[in-house]
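No value in this document is a laboratory result; all are computed from the given coordinates. Just so it is clear, the structure is predicted and the values come from calculations on it, not from any experiment. Here the Cβ is made from the backbone with ideal geometry for all residues, glycine too, and neighbour counts use every protein chain on show.
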Amino acid sequence: MAIKSADQISIVDLTDGYSVILTSDGYTFPGSTSAATAGSCTTQVLAMCGSQQVPASVDLNSVTKPTGITVTKDNNATSPTLTITASTSFTAAGYVDIPVVVDGEITIHKKFAVGIAFKGATGATGGTGATG
């Protein structure tokens, strides 16, 4: 049989690559006709090196967020839980940019989407229906 093609390839072992996962990557807050109603949601940060979980941390001073959104975290040093809270001054959808520091040296930015389900305006009262 004749050789149809020949090539050289490089195989890269990615078993030690880092990945960061948020248990939830977005939330839609209920709203009024013009802004969010106050509320909160949570997401947990998980960092992996290959198949092993590694410590992850979030510096809340480096988090960027839309107006009306605040972010707090618990004290878990391996996989912190973040609480994202909306106030009534949150009026437009956006993203919370979360810089996650993995193994104390690598920063990976994760985006958490925040939206508002606006309530429609009250419609005009309809006419009385026919008697049944």
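Listed by chain and number, the aspartates and glutamates placed with their C-alpha closer than 17 angstrom to that of Lys110 are Asp25, Asp59, Asp97; residues fewer than eight positions away on the same chain are left out. Computed from phi, the 3J(HN,Hα) profile of segment 87-104 under the Karplus parametrisation 6.51, -1.76, 1.60 (θ = phi - 60°) reads 10, 6, 8, 7, 10, 9, 4, x, 10, 9, 8, 10, x, 9, 9, 9, 6, x Hz, with x in place of Gly and Pro. Look at the dipole of the chain built from charges on Cβ: of Thr64, Thr85, Ser32, the Cα furthest out on the positive end belongs to Ser32. Working from Cα pairs under 8 Å separated by at least six residues, relative contact order for the chain is 28 percent. Rg/Rh for the chain stands at 1.30; both radii use Cα atoms, and Rh follows the Kirkwood definition.
Averaging the Cα positions of each part gives two centres, and for segment 62-115 and segment 16-56 these lie 8 Å apart.
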